[in-house]
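A short reminder: the numbers here are calculations on the coordinates, not readings from a lab. All figures in this text were calculated on a predicted structure; none of them were measured in a lab. With ideal geometry, Cβ positions are generated from the backbone for all residues, glycine too; neighbour counts draw on all protein chains shown.
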Amino acid sequence: MSGTRNKKTTAAFILAAVLPVVILVLSLNIGAYRIPPKAVFTTIVGAVFPGGAASGPSPYADILFRIRLPRLLLALFAGAALAVSGASLQALFKNPLVFEFSLGISYGAAFGAALSLVFLGRKVPAQAAAFVFAIIAVLAVLVIAGKSASQVVTILLSGVIVSALFQALLSLVEFFANPYALQSLIFWLMGSLSQADWKDLGMTLPIIGVGVTVLILLRWRLNVLSLGEDEARALGVNVKREKIVVIVLAALTTAAATAVTGVISWVGLIVPHLVRMAVGADNRKVIPLSAAYGACLLLVADDIARSAASFEIPIGILTSVVGIPFFIVLLKKSGKIWL
Amino acid sequence: MIPAKSILPFVLPALAAMITPAAVGQSRSPVTIVDSLGREIVVPGRVERIISLEPEVTRIIVALGEGKRLVGIDFFLRHHDRLFPFVFPPSKRLPVVSNQGQDLNYEEAIPLRPDIIFSSPSEFRMTEAIEKKMRLPVAALASMGKFRDLVTEIETLGRILGREDRAAELTTYFKEHMEAIRRAAAATGVDTGPTVYLSFWGSLLRTPVSYEPVEAAGGKNLASRLLPSYLGTAGATVSIEQVLLWDPEVILVQGNYPPAERQMTVESILRDPRLASVRAVRTGRVHYTFGFWYWWDPALVLVETAYLARLFNPGRFPDFDLVREGDEIFKEFYGTEGLFSALCRVLECHEWNPE
Amino acid sequence: MKVRVENLHFSYGEFSLHVAGQTFADARVTSIVGPNGAGKSTFLKCLATILPASRGSVFVDEQDLADLSGKSRARLVGYVPQEPSFTFNYSVLDFVLTGRAASIPVFSSPSRHDVAAAEDALRFVGLAELPGRPFFELSSGERRLVLIARTLAQDPDILLLDEPTTFLDPRHEIEILELIRRLAGEMRKTVIVTLHDLDMAVKYSDDMVFMKGGNVVAAGPPGDILSEALLKAVYDIEMGILDVDGRRLIVR
């Protein structure tokens, strides 16, 4: 039994290192502007080793490095952020049905970003307000759940309530926004990576990078925290402090991603589950693998979003369409959920 | 012998009816119209109190000279439209009977005792609902961006208000002007107008699938081959790569916002490194244009088309002065001097005057 | 390590616990017995500082536990609950590894040394062949053993076990009690355990503490303090003590 597990684990890790790179390279070839694969290759090589045969700026370089690459990197990082925060929160709350969405973080962040976009314009980075309200959302969930925060149903219910609250507040922002701001707001809320440019990434990628890295460093610690407050404390862990750190990191990475991409949900639920089903619940494996496969998932989803039809399918809709049936299947198999 | 005195009361009105042309809104027989949803509506002869939820209709009513009959308007014209307060100053005292996202505020509307309500055709159920609740004629009218339908709409409103003459004046003026622009801008020989990409609604990637002023001015809207996707504004969302692929010769940015509120500006497009290879950016042919908000203002769309014709083919319109043209057209529609100049003070559109 | 309690108070609603002074000897097994509601578990949890005492102190080798950081305390005192409150389906080894938390820095993962400690603990409780087995597949007896192994991996000097034999069948019950004896004998740990079964307590303890209504009624080696009068005072029913083949049995 453990033999097959070990083989699966090794395979999973190797794949995790390789797959994102492979998908990234393949995705560079996808887009409305047809670039022959050979040209993709030579352009990349020409950029990495400059001074080659290339004479002057080519339109391909612009497309690959100004348009496609930032978007793909954003998909990679956002996917990793969402998957890792989902996995961490599941461990922390001892509840496999928890992820940043069900804790109200996603809609808290969206509300914060919307508030910032509508009333402060494009000058102030929306990430700041997104983060603040993501934290407020989590606090609200913990306060509402109260003493029974350790119970599965309670925390989910609190998350639903807080999400609903922020959605209502979001509607209020839409209501008070003038029609001009409203148009761009609605477009943004649908969840899209289509406007990714290096300026946006300049703020977002480092934040996500740091957040995901620290959460990966805490991967074993999450095993201990997942035992519950009393037991973890008996084992000598400063539970309160470490719990806060994890929640803040999860909120931070989710908010950073959401502020740029809008609400993209279900990634934080699907990916950790699939990973646990393959390699078991040990967070030393689950957290890093979730990062890698979350990145892959969002990359693939984005590829579909921009190539399946002549217009862009908002990626939030895609992940919901896939994620919700998946969630339902998971709920039905409740007994076997925390595989 | 019948005494003349006893016949007169019957003869005079009959003579009068034969001689006097129909109406300035006084007692007339009901009028049947077909609205934009294809519904047949019977409008009473006397329409004195009007609620209009569709900004385009409200603007036309004012242009027809019957703004005084308005008793209630929608939130957009009252609070967010930059032009309307100049065109119809009394609007600042008109009650708002419909807020953002709401169909009709019945409690506000009923005490106003309207004779007719004009609604927006993009919400079919709303029109039916209002008719059921208010039990008055509700006509859904809007051009949906088509000039032909705009003309029909002016004529229809003229019939409803008993101002067919004025309507005929406006439609004739409109058609003649539009025709003149079209002819001057039209292709002669092998020349074809420029390809145009429109960046509307404050977003680089949202573009209207149908925008007639561009074609009338001799250009070609690149997005016209796309299917409209969502949000009820007949727009589509494209990707940056698609814009690069199209490589438009001209890019137009919806500029109907005060400069401080613009989310998308000409400068940001010119400076965007991703668009550096696009023809329009390289040649500096990135301009503001008015666009539409809740469809047209009939005067503004004429100004717009003339302005675009000049932008696309400067050689054919050497003496074009945007502000002067604008003020002239607006005077024809609304009877007041300097309306376009007033708008330019808010939008700074005098700066768009092509050299 | 010697454990000394001084003037410990704890209240919860109507119930209040008060232990004026109590010592638990080094390398011995002390069992805490008494009727339901006597406060046995509460006392144990106060010793583990899981429940905050309202007054009084717990001293380990004359060091007040309240003065220690969580990590330092965990190196001294280990608490084994009856059941884990919740867990993901970790493998047995991963589960036991979590016991090493006090020795592993926050941002680190277990070292080979930590893994060896966990494996040793599993070996001690007799589950060495099961490291990869998922937790949910264990029987309740095996789960108890794994819980004890986890606390062993923590390597504290004092072990507190809360009703480790409740609901187990006789074979597993004996297995655990034998294990507890070895903890005190072989590993020289101070073991304090709450038991519901008087006969087993008598057989396996070096010392016993009888509690009733939140107070300690009597404490000492069973040979010294066990009497029918004591049993009647604590349990409110007549019980008899029989000598069978050198073993003391309690009948009611």
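To the nearest ten degrees, helix C:112-124 and the longest principal axis of the Cα atoms of chain C are 40 degrees apart.
Kirkwood hydrodynamic radius computed over the protein assembly as shown comes to 33.9 Å, based on all pairs of distinct alpha carbons. Of the DSSP H helices in chain A, those that are both long (alpha-carbon extent of 20 Å or more along the helix axis) and hydrophobic (Kyte-Doolittle mean at least 0.5) are A:2-27, A:69-92, A:105-120, A:126-145, A:152-176, A:198-217, A:239-261, A:283-307, A:315-332.
By DSSP, the beta bridges lying fully in the range B:189-352 are antiparallel in about 30 percent of cases.
Within the protein assembly as shown, DSSP assigns beta bridges of which about 45% are antiparallel (rounded to the nearest 5).
How far is helix B:147-161 tilted off the main Cα axis of chain B, in degrees rounded to 10, range 0 to 90? For B:147-161 against chain B, the angle is about 20 degrees. Residues whose amide H lies under 5 Å from that of B:Val43, counting only those 5 or more places away or on a different chain, are B:Val31, B:Thr32, B:Ile33; hydrogens are built 1.01 Å from N in the peptide plane.
Mean residue ellipticity at 222 nm, helices only, chain A: -24500 deg cm²/dmol; runs of at least 4 DSSP H residues each add -39,500 (n - 2.57), and the sum is divided by the number of residues. The overall shape of the range C:115-167 is oblate: from the C-alpha gyration tensor, with semi-axes ordered a ≥ b ≥ c, the ratio a/c is 1.5 or greater and a/b is no larger than b/c. Radius of gyration over Kirkwood radius for the range C:107-252, both on Cα atoms: the Rg/Rh ratio is 1.04. Taking the Cα centre of chain A as the origin and placing charges on Cβ (Lys, Arg +1; Asp, Glu -1), which of A:Ala140, A:Ile313, A:Ile44 is farthest toward the positive end of the dipole? After comparing all options, I get A:Ile44. Listed here are the pairs B:Lys146/B:Lys220; A:Lys240/C:Lys71; A:Lys7/A:Lys332; which of them are more than 23 Å apart at the Cα? Pairs exceeding 23 Å: A:Lys7/A:Lys332.
When the Gaussian network model of chain C links Cα atoms closer than 10 Å, the mean-square fluctuations of C:Ser111, C:Ser103, C:Ser16 top out at C:Ser111. Our analysis of the range A:173-245 gives Rg over Rh at 1.24, with the two radii drawn from alpha carbon positions and Rh computed by the Kirkwood formula. Peptide C:74-81 shows a mean partner chain C-beta count of 3 within 10 Å per residue C-beta.
Once you reduce the range B:134-187 and the range A:13-34 to the center of their Cα atoms, the two points are 54 Å from each other. Counting every C-alpha pair in chain C, the share spaced more than 32 angstrom apart comes to 22%. Largest GNM mean-square fluctuation across A:Phe166, A:Phe311, A:Phe131, computed for chain A with C-alpha springs under 10 Å, falls on A:Phe311.
Per-residue packing, averaged as other Cβ atoms within 10 Å, sorts the ranges B:306-316, C:225-235, B:274-284 into the order B:306-316, B:274-284, C:225-235, beginning with the highest.
Assuming charge only on the beta carbon of Lys and Arg (+1) and of Asp and Glu (-1), the dipole of the protein assembly as shown about its Cα centre is about 740 debye to the nearest 20. Angle check, please: helix C:140-154 long axis (alpha carbons) against the longest principal axis of chain C (alpha carbons), in degrees 0 to 90, nearest 10. Between helix and principal axis, roughly 70 degrees. Comparing A:Trp220, A:Trp188, A:Trp266 in a Gaussian network model of chain A (Cα springs below 10 Å), the most mobile by mean-square fluctuation is A:Trp220. Roughly what % of DSSP beta bridges within chain C run antiparallel, to the nearest 5? Among the beta bridges of chain C, antiparallel pairing accounts for roughly 60 percent.
Peptide C:45-56 has a mean of 1 when you count, residue by residue, the C-beta atoms of other protein chains within 10 Å of its C-beta.
Only Lys, Arg, Asp and Glu count, each charged at its Cβ (+1, +1, -1, -1), so figure out the dipole size of chain C about its Cα centre, rounded to 20 debye. Write down the numbers at each step before the final one.
Values: 27 positive and 34 negative charges, 81 e Å.
Computed about the Cα centre, the dipole is about 380 debye.
Per-residue Cβ neighbour counts within 10 Å put A:Ile144, A:Ile313, A:Ile208 in the sequence A:Ile144, A:Ile313, A:Ile208, beginning with the fewest. In this Cβ point-charge picture (+1 for Lys and Arg, -1 for Asp and Glu), the range B:189-352 has a dipole of about 580 debye about its Cα centre. Based on Cα atoms of chain B, Rg over Rh with Rh as the Kirkwood radius reads 1.04. Helices in chain C, meaning DSSP H runs of at least 4 residues, each add -39500 (n - 2.57). Divided by all residues, the mean residue ellipticity at 222 nm is -9500 deg cm²/dmol. Between B:Arg159 and B:Glu261, the distance separating the two model label sites (each 7 Å from Cα on the Cα→Cβ line) works out to 3.7 nm. The simple Förster model, with R0 at 41 Å and r as the Cβ-Cβ distance, assigns A:Met277 and A:Phe175 a FRET efficiency of 0.45.
Cα-Cα pairs above 25 Å in the range B:27-162: how many percent? Value for the range B:27-162 (Cα pairs over 25 Å): 17 percent. Using C-alpha pairs under 8 Å with a sequence gap of at least 6, the mean separation divided by the residue count of chain A gives a relative contact order of 30 percent.
Mind checking C:93-103 for the average number of partner chain beta-carbons within 10 Å of each residue's beta-carbon?
Across C:93-103, the average partner-chain Cβ count within 10 Å equals 5.
Ordering C:Lys45, B:Lys92, C:Lys2, B:Lys68 from the fewest to the most neighbouring beta carbons within 10 Å gives B:Lys92, B:Lys68, C:Lys2, C:Lys45. Could you give the Stokes-Einstein D for chain A in µm² per second, using the C-alpha Kirkwood radius, 4 °C, 1.567 mPa s? The Stokes-Einstein estimate is 63 µm²/s. The range B:261-297 and the range C:155-197 have Cα centres spaced 78 Å apart. Relative contact order of the range B:189-352, taken over Cα pairs closer than 8 Å and 6 or more residues apart, is 21 percent. Take every Cα pair under 8 Å whose residues are at least 6 apart in sequence, average their separation, divide by the length of the range B:66-204, and the relative contact order is 13 percent. Counting other Cβ atoms within 10 Å as a rough exposure proxy, the listed residues C:His113, B:His79, A:His273, C:His172 run C:His113, B:His79, C:His172, A:His273 from fewest neighbours to most.
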